[in-house]
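S.K.: Quick one: the structure is below, and I'll ask about it shortly.
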Amino acid sequence: MTIRLTNRYDFSPGQQSRRGLATSNVHRVTLAPELSPAPSVPGKVAAVCFDVDATLVDYETSTRAGLRELLGTDDAWVEWCALTDQHYAGYLAGHIGFEPMLQQRTKDFFARRGEFLCDGEVVRREERRTAAVRGAWRLFDDALPCLRALRKLGLRLAAITNAAGEHQRAKLGALGLDSAFDAVLISGELGVAKPHRAIFRRACRALGVRPGQTVHVGDQLATDAVGARDAGLHGVWLDRSGCGALPHGAGISVIGQLAELPALVSGRAG
């Protein structure tokens, strides 16, 4: 069965809400060889799912702003990213809450630099960093045009993101994306994270489509593209740097920017 939808959405940059469709209609899921031009996505496509950070949202720019708030410079970017990966893994595994994880990361970051902070100072610095990050949130220039183009193709849209619910919903709201999707699935609300196939399958159920009818695009090869492929979706790797390498026969499409995505699915939509 092919799902056809009319275009009910009207996006504009900085728009805080979507005209013509009540927010109540948005489905909220709150369960406890070398790179070559991307091949066409096989089969009929009825829906597209998106990762959020570093796919739609310019994660690096906002995170660097937070680092500059702490140090006056972002020269420690590589060190910060490595520490973030370490601490975030513990959060996704359920070993620590989101806010405590952020505070522990900041504490460990300064300890590695020879500054040992009391808990109160950790909280103060983390609050400053968070405010700077939020003030620097922005979408990539190709995000809204891509979403508009996919809506014109009659496709349903979802966001699938590994984060805390309150944090990520605040981000989507601040960027005018809180009602841009038919489904928003956040690992902190579901208790399961990408690349586990369950979160991808739940997205398909929320959208009312089969995995084989669904494309998922994200900046992480393993977490997004491979995870989606293994769940039965069509995985698309967004490699904005163009520096990645994909094994031959991986069964994954590669694009360098979101502007390429509508063309990738347009011949298979509807």
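S.K.: Consider D224 against the criteria (1) at pLDDT 95 or above; (2) over 24 Å from A245 (Cα atoms): it satisfies all of them except one. Which criterion is unmet?
M.R.: Checking D224 against (1) at pLDDT 95 or above; (2) over 24 Å from A245 (Cα atoms), the one that fails is (2).
S.K.: While we're on this one: Please specify each residue of the stretch 69-104 satisfying the condition of being over 21 Å from the mean Cα position of the chain (by Cα), buried (at least 16 other Cβ atoms within 10 Å of the Cβ) and in a helix (DSSP H, G or I).
M.R.: If the condition is that a residue be over 21 Å from the mean Cα position of the chain (by Cα), buried (at least 16 other Cβ atoms within 10 Å of the Cβ) and in a helix (DSSP H, G or I), then E69, L70, Q103, Q104 are the ones that fit.
S.K.: Another question, if that's okay. Looking only at the stretch 114-124, count how many residues are assigned to a helix (DSSP H, G or I) and surrounded by fewer than 18 Cβ atoms within 10 Å (Cβ to Cβ).
M.R.: The qualifying residues number 5.
S.K.: Related question: Just one of (1) in the same structural domain as L144 (by TED's automatic domain parsing); (2) at pLDDT 95 or above; (3) over 22 Å from L207 (Cα atoms); (4) not β-branched (V, I, T) trips up S36, so point out which.
M.R.: Failed condition: (2).
S.K.: Another question, if that's okay. Out of S253, S241, S187, which single residue is surrounded by fewer than 24 Cβ atoms within 10 Å (Cβ to Cβ) and in contact with a Ser or Thr (Cβ under 9 Å, 6 or more places away or on another chain)?
M.R.: Result of the check over S253, S241, S187: S187.
S.K.: Another question, if that's okay. In this structure, does A206 turn out to be under 24 Å from Y59 (Cα atoms) and buried (at least 20 other Cβ atoms within 10 Å of the Cβ)?
M.R.: So A206 does not fit the description; no.
S.K.: Further question: Among the residues of the stretch 173-185, are any outside any loop (DSSP other than H, G, I, E, B) and of a type in the set (F, W, Y)?
M.R.: Step one: filter the stretch 173-185 for residues outside any loop (DSSP other than H, G, I, E, B), giving 173-174, 183-185.
Narrowing the set further to residues that are of a type in the set (F, W, Y) leaves none.
No; the residues of the stretch 173-185 include none that is outside any loop (DSSP other than H, G, I, E, B) and of a type in the set (F, W, Y).
S.K.: Are any residues in the stretch 225-270 under 17 Å from the mean Cα position of the chain (by Cα), part of a helix (DSSP H, G or I) and charged (D, E, K, R), and if so, which ones?
M.R.: Of everything in the stretch 225-270, just one residue is under 17 Å from the mean Cα position of the chain (by Cα), part of a helix (DSSP H, G or I) and charged (D, E, K, R), namely R229.
S.K.: Looking only at the stretch 208-224, which residues are outside any strand (DSSP E or B), of a type outside the set (G, A, S) and closer than 20 Å to A163 by Cβ?
M.R.: D219, Q220, L221, T223, D224 - these are the residues of the stretch 208-224 that are outside any strand (DSSP E or B), of a type outside the set (G, A, S) and closer than 20 Å to A163 by Cβ.
The values are calculated or read from the model by the stated rules, or taken from the named source; none is laboratory data. The shown structure was predicted, so the numbers you read here are calculated from the model rather than taken from an experiment. Positions of Cβ are backbone-derived with ideal geometry, glycine not excepted, and every protein chain shown enters the neighbour counts.
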